[in-house]
Amino acid sequence: MNDRVKHLFIWPAFLLVLVITLFPLIYALTVSFQTIRIVPPTPPRFVGFDNYGDILANARFWGAIGTTATIVVISVVLQYVIGLSVALALHHNVPGASLFRVTFLLPMFLAPVCVALIAKMIFHPVLGPANEFFTLFGLENLPFLTDPNFAIAVLITIETWQWTPFVVLLMLAGLQGLPAEVFEAARVDNISAWRRFRDITFPMLLPLSAAVIFIRLIEGFKIIDTVFVLTGGGPGTSTETLTLFAYNEGFKKFNIGMTSALSFLFLIVVIVFGTLYLAGARKLTQRYEQ
Amino acid sequence: MEHIEFRKISKSYGAVEVVPPLDLSIEQGEFIVLVGPSGCGKTTTLRMLAGLEETTSGDIFIDGENITDKRPGDRNCAMVFQNYALYPHMSVRDNIGYAMKVHGAAKADIDARVEEAAGLLGLSEYLDRKPRNLSGGQRQRVAIGRALVRQPQVFLFDEPLSNLDAKLRVEMRSEIKLLQRRLGTTAVYVTHDQVEAMTMADRVVVMRSGVIEQVDAPITLYERPANKFVASFIGSPSMNFFDARIENDQLLLGHQRLQLAAQEAERIGDFGRVIFGIRPEHCRDSEAAAQLTFGVEVIEPLGSNTLLLGTVGDQKIMAQVDPRFAAQADAPSTIPIDMSAAHFFDPITEVRL
Ligand SMILES: Nc1ncnc2c1ncn2[C@@H]1O[C@H](COP(=O)(O)OP(=O)(O)OP(=O)(O)O)[C@@H](O)[C@H]1O
Ligand SMILES: [Mg+2]
């Protein structure tokens, strides 16, 4: 057989992949070095690193990084801690586990916009059930969405509420994949439940945990819909996340060059956080390597 | 002295009774082997003793103390599993010493005992390896080491050797037996391999669908099986069985007549219908030998002896004969049967006569 035939199969696929993945990226990269306005349309003009310089000098950008990081880090920690606890409970078949199994997964299936709309009603400062609940403790009309700290807390709550089920699902699958005999051996050897968790379950789940947290971190950084619906980034820009900031630049000012530059900076931010995280996770998993 | 006692313990899963009420008592320092075909409830019985499975009814005593409702950790047993069940992320050293460490033993003590166990089991050079870098035999040794260092009252083994290759199995079974004898710890060992059971046990418990068929020393099981099931299960190649009749001190097998040994003749000389059992290795000459002719179909020379496979009438027979025994395939052959080693069972109850 003539080996040249293989090129017939390989190249079209390769080119297709190249065109649909690399081209947009490269195009966006070139655009990020230009000034392009759609409204009013102005011809592209090469400006070098000006877009990047402008953004880096903009306090709003740094504020958005801070806001995003706060929301993501705190909510992912909560998601993991609560998620793993619930998964453990489900795995050990606490009473009511089967009911839980179904209801607990529901939030994950909702569109974030719907979640945000529901949350907006729940956290209404006068009419919402959250207000009624806090009124019981004498805390009336808390500014859930209008005070920066409260608003961030609400966003963290919603993120946690929506994405903990994802963590539960994966951690439960992980737990059920662990070899039962190992735990029986530990039980026969009179190892307490807590030590079994600390010394056996947790280390054996570490690689999975690292992956789950990584997925949630990367996904979390893209948070936009809940913020958009709930606070619109306000009050002021105190809850503006990176993606919302980019959206505002792109679709309110129609400055495409600036938005592209912002996207690449966003990519860099995610890579920086991701790398830091992976380095830390690596250290931990290596200690318990099998 | 009695060490472990099962009193009418039973186990049901829903409506299915896997182990009907069962009684068994085990002496201090004894090596007991539970043996039986797959699914007969050996593992279930062992796990009830370990506390990993709740009993449906009945009580278990260790050292006179009722431990039926105690947690597995409070029974002072150590268990070795078929799939090793090692902690995959811990080194051999940590695997062996883990329980001691959790229970607050001093580091020097742990090290000393781990080293000692490792030396005993030939694991000294592997102490810092992770389980996945060990062979199956080494892994099982680690599992045994982990049980050893705890110095438990009772060792529990659930088919610890069935994942190992034949040669290693033979080595390990004598090692385990030797270790147990040296330590003097009571051991309960589950296997479906009758050779393992015979070679290791002080007493063998033969089980069939949850019921204990016989509890005896290996040689007794072989020489005086309590019923047809035990007779067929113990010994390899396994015993031949024939539907036959006993009349006038003679065994009627088809139209052949075999003279019974003197003491048998006295006991059951006119019994009527019986199941006649003879082991292949007892097709040999002796004072009480009778001659049996059968059609040889296959000859299997094994070196030290030869197996003849054939039929008597329409019943299958396997005979173990001298390698130079003159026999031809597809021709009748006459072999001696040592009637003093014959077994007779009731045709209905299958109980030994
Ligand atoms: N959780 C369960 N639910 C229902 N039946 C079960 C359960 N566990 C075991 N059994 C049944 O109990 C019987 C005894 O099982 P057990 O594991 O004790 O057999 P075993 O003698 O150890 O067999 P093997 O030699 O194959 O290991 C089997 O018939 C099995 O189908
Ligand atoms: Mg079993």
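Observations on the model:
- Taking label points 7 Å from Cα along the Cα-to-Cβ direction, A:Ile268 and A:Lys6 give a separation of 4.0 nm.
- Members of region A:176-190 that become less accessible by 40 Å² or more once partner protein chains are added (1.4 angstrom probe, chain alone as reference): A:Glu181, A:Val182, A:Glu184, A:Ala185, A:Arg187, A:Val188, A:Asp189, A:Asn190
- Stretch gain in nm, segment B:Arg273-B:Val195, where the contour uses 0.36 nm per residue and the Cα spacing is subtracted: 24.9 nm
- For region B:83-208, the square roots a ≥ b ≥ c of the C-alpha gyration tensor eigenvalues yield an a/c of 1.5 or more together with a/b exceeding b/c, which makes the shape prolate.
- The calculated FRET efficiency for the pair A:Lys252 and A:Leu284, based on their C-beta separation and a Förster distance of 35 Å, comes to about 0.25.
- Residues listed by number, region A:249-290, amide nitrogen under 13 Å from B:Asn133 label point at 7 Å toward C-beta: A:289-290
- Solvent-accessible surface of region A:1-154, averaged per residue with a 1.4 angstrom probe and all protein chains in place: 65 square angstrom.
- Accessible area (Å², 1.4 Å probe, nearest 10) - A:Phe254: 70
- Taking 18 Å as the cut-off, the amide N atoms of region B:271-285 that come nearer than this to a point 7 Å along the Cα-to-beta-carbon line of B:Arg324 belong to B:284-285.
- Accessible surface for A:Glu289 stands near 110 Å², nearest 10, in the context of the full protein assembly shown (1.4 Å probe).
- Taking label points 7 Å from Cα along the Cα-to-Cβ direction, B:Gln151 and B:Glu65 give a separation of 1.6 nm.
- Over the residues of the protein assembly as shown, the helix contribution to mean residue ellipticity at 222 nm works out to -14500 deg cm²/dmol, using -39500 (n - 2.57) for each DSSP H run of at least 4.
- Here's the picture: a label point sits 7 Å out from the Cα of A:Ala193 along the beta-carbon direction, and within region A:90-106 the residues with their amide nitrogen under 20 Å of it are A:90-101.
- Protein-only accessible surface at a 1.4 angstrom probe places the residues B:Phe6, B:Phe325 in the order B:Phe325, B:Phe6, largest first.
- Solvent-accessible area of B:Asp285 with every protein chain in place, 1.4 Å probe, in Å² to the nearest 10: 110
- Solvent-accessible area buried by pairing A with B, both sides, nearest 100 square angstrom, 1.4 angstrom probe: 2100
- Accessible heavy-atom area order of B:Thr186, B:Thr293, highest first, probe of 1.4 Å: B:Thr293, B:Thr186
- Gain upon complete extension [A:Glu219, A:Val73; 0.36 nm per residue less C-alpha separation]: 51.4 nm
- Length gained when the stretch B:His103-B:Asp23 is fully extended (0.36 nm per residue, less Cα-Cα span): 25.4 nm
- Karplus 3J(HN,Hα) series, Hz, for region B:344-349 with 6.51 cos²θ - 1.76 cosθ + 1.60 (x for Gly, Pro): 10, 10, 5, x, 9, 7
- For the pair region B:54-74 / region A:251-269, the C-alpha centres are spaced 69 Å from each other.
- When the residues B:Arg181, A:Arg101, B:Arg71 are ordered by accessible surface, computed with a 1.4 Å probe over the protein chains alone, the sequence from largest down reads B:Arg181, B:Arg71, A:Arg101.
- When a 1.4 Å probe is rolled over the protein heavy atoms, the share of accessible surface on the protein assembly as shown that falls to carbon and sulfur comes to 60 percent.
- Spacing of the two label points (7 Å from each Cα toward its C-beta) at B:Leu353 and A:Ala97, in nm: 5.6
The values are calculated or read from the model by the stated rules, or taken from the named source; none is laboratory data. Fair warning: this is a prediction, and the values are worked out from it, not measured in the lab. For neighbour counting, all protein chains shown are included, and Cβ atoms are generated from backbone atoms with ideal geometry for every residue, glycine included. Keep in mind that these areas ignore ligands, DNA and RNA; they rest on the heavy atoms of the full protein, side chains included. Shrake-Rupley method; radii C 1.70, N 1.55, O 1.52, S 1.80 Å.
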